[in-house]
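The values are calculated or read from the model by the stated rules, or taken from the named source; none is laboratory data. All of these numbers come straight from a predicted model, not from anything done at the bench. Because the Cβ atoms are built from the backbone with ideal geometry, glycine has one as well, and the counts that use them run over all protein chains shown. What goes into the accessible areas is simple: the full protein's heavy atoms, side chains included, and nothing from ligands, DNA or RNA. Shrake-Rupley method; radii C 1.70, N 1.55, O 1.52, S 1.80 Å.
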Amino acid sequence: SLIEKASSLKSICTASTGTNHIDIQCAKKNQISILSLTNERKIINQISSTAEHAFALTIASIRKIVSANKDVLKGNWNYENFIGRQLNALTIGIVGYGRLGKMYSKYCLAFNSNVLVFDPYKKIKLGKITQVSSIEEIFGKSDIISFHVHVNNETKNMVNSTNLKLMKEKILLVNTSRGDIFNEKDLVNFLKKNPKARVASDVLTDEIRNKENSELLRYSMKSKQVLITPHIGGMTTEAQEIAYNHAISLLINFFKLEKKNV
């Protein structure tokens, strides 16, 4: 509805790799160019913020840092409720071995975790990583699973009731990709049946327009199983400077080219 009202709009420029917040079909219909960082490999390879945030969510969850801090603020000083896990004793599954999945895997290896990766479009030659041929293997063998994928027909709702049945009852799921890769209704049902399972997410399904109806967000308000941050994965000073400056460059070049073609 916004695009249709913008009669003079020529380009939509986003300082992000994801574009699922833009109505691409409507933009194409109105001959509006989409400028994004999706294919700007040289630039986005400088940005590690989201992978770092995924790892921070991982550490915070397995060490129960948020719950422990809240308990201290209540005046308590008891470690027994907050006994965590050690990374070098855990198997971490990574779904998607692109830029961010690769960075996240390096952090896990630095802590001596056993790392499994599923990505049917990549051939991994690093000996310390085990590449598996099916996502079901990742779901079945991992203590922690971190998702680093774009949203498409292949990845939407990839975490659903069928796949959740394959997972360990103490699984930790980390999502800094997009909320749409989780079927939130199925996920909440799984968490209710598996009280030792955890979710750490920086994203929600339909978070821009309809976050109030997120089942995961509602469940997080009454459960210690869920840690949610407000899509701050890429929100560091360094990442914003790199991303926004390059987005501006793309926009300037777009109008320079358009001016030449007039």
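Overview of values
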read-out	value
From the options SER49, SER67, SER36, residue that is open to solvent by less than 40 Å² (accessible area, probe 1.4 Å) and touching a strand residue (DSSP E or B) at 6+ places or on another chain (Cβ under 8 Å)	SER36
SER177 being out of contact with any Leu (no Cβ under 6 Å at 6 or more places or on another chain), open to solvent by less than 40 Å² (accessible area, probe 1.4 Å), assigned to a loop (DSSP other than H, G, I, E, B) and without any contact (Cβ under 8 Å) to a residue 60 or more places away in the chain	no
Where a residue in region 63-74 is charged (D, E, K, R) and its partner, wherever it lies, is assigned to a helix (DSSP H, G or I), with Cβ under 9 Å and at least six apart	ARG63/PHE82; LYS64/ASN81; LYS64/PHE82; ASP71/ASN81; ASP71/PHE82
Candidate set from region 203-237 (those that are touching an Asp or Glu at 6+ places or on another chain (Cβ under 9 Å) and either small (Gly, Ala, Ser) or touching a residue at least 40 places away in the same chain (Cβ under 8 Å) (or both)); member that is most open to solvent (accessible area, probe 1.4 Å)	ILE232
Any pair with Cβ under 9 angstrom, 6 or more apart, that starts in region 4-20 at a residue that is in contact (Cβ under 8 Å) with a residue 60 or more places away in the chain and more than 17 Å from THR236 (Cα to Cα) and ends at one that is outside any loop (DSSP other than H, G, I, E, B) and of a type in the set (Val, Ile, Thr)	SER11/ILE34; CYS13/ILE34; CYS13/ILE248
Residue pairs meeting the criteria (Cβ under 6 Å; at least 6 apart or on separate chains; first farther than 8 Å from ILE242 by Cβ, in region 39-51; second part of a helix (DSSP H, G or I))	SER48/MET103; SER49/ALA239; THR50/LEU100; ALA51/LEU100; ALA51/MET103; ALA51/TYR104
Looking only at region 87-128, and only at residues there that are part of a loop (DSSP other than H, G, I, E, B) and without any contact (Cβ under 8 Å) to a residue 24 or more places away in the chain, the one that is most open to solvent (accessible area, probe 1.4 Å)	LYS125
